[in-house]
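What follows is a set of notes on a single structure, which appears directly below.
The values are calculated or read from the model by the stated rules, or taken from the named source; none is laboratory data. Remember, predicted model here, so these are calculated numbers, not experimental data. Here the Cβ positions follow ideal geometry from the backbone for every residue, glycine too, while neighbour counts run over all protein chains shown. Accessible surface areas use protein heavy atoms only, side chains included; no ligands, DNA or RNA. Shrake-Rupley method; radii C 1.70, N 1.55, O 1.52, S 1.80 Å.
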Amino acid sequence: MRTTITLNDNVYKALRIRAAESGETVSAVVEDAVKEQVLEDLDDLQTVKERENESAIDFKTFVKELKSDGLL
């Protein structure tokens, strides 16, 4: 599929350099980066789903426990 994206000039320059150094096209470098991000997001979502039944603790209580355990 073909699409158009807008990038900061410096980001695009760095992207072109990265592509040239690796012998890849800019499109290939962008596609690889997007795939990696999507896979990471899917992994994060899976972790959230696996932990959805764990009990939650509010931040103040968490900090208090860390302090009482001598970790803070």
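Details
- Given their separation in residues at 0.36 nm each and the Cα-Cα distance between them, Lys67 and Glu24 gain 10.4 nm when the chain is fully extended.
- Of all accessible heavy-atom area on region 1-65, the percent that carbon and sulfur account for (1.4 Å): 53 percent
- Once you reduce region 1-16 and region 28-72 to the center of their Cα atoms, the two points are 30 Å from each other.
- At most 16 other Cβ within 10 Å, DSSP loop - chymotrypsin sites (Phe, Trp or Tyr not before Pro), the chain: none
- A run of the chain free of exposed loop cleavage sites, with trypsin sites (Lys or Arg not before Pro) counted only in DSSP states other than H, G, I, E and B and at most 15 other beta carbons within 10 Å, reaches its longest extent at 3-50.
- Remark: the chain carries 96 Å² of accessible area per residue (probe radius 1.4 Å; ligands, DNA and RNA excluded).
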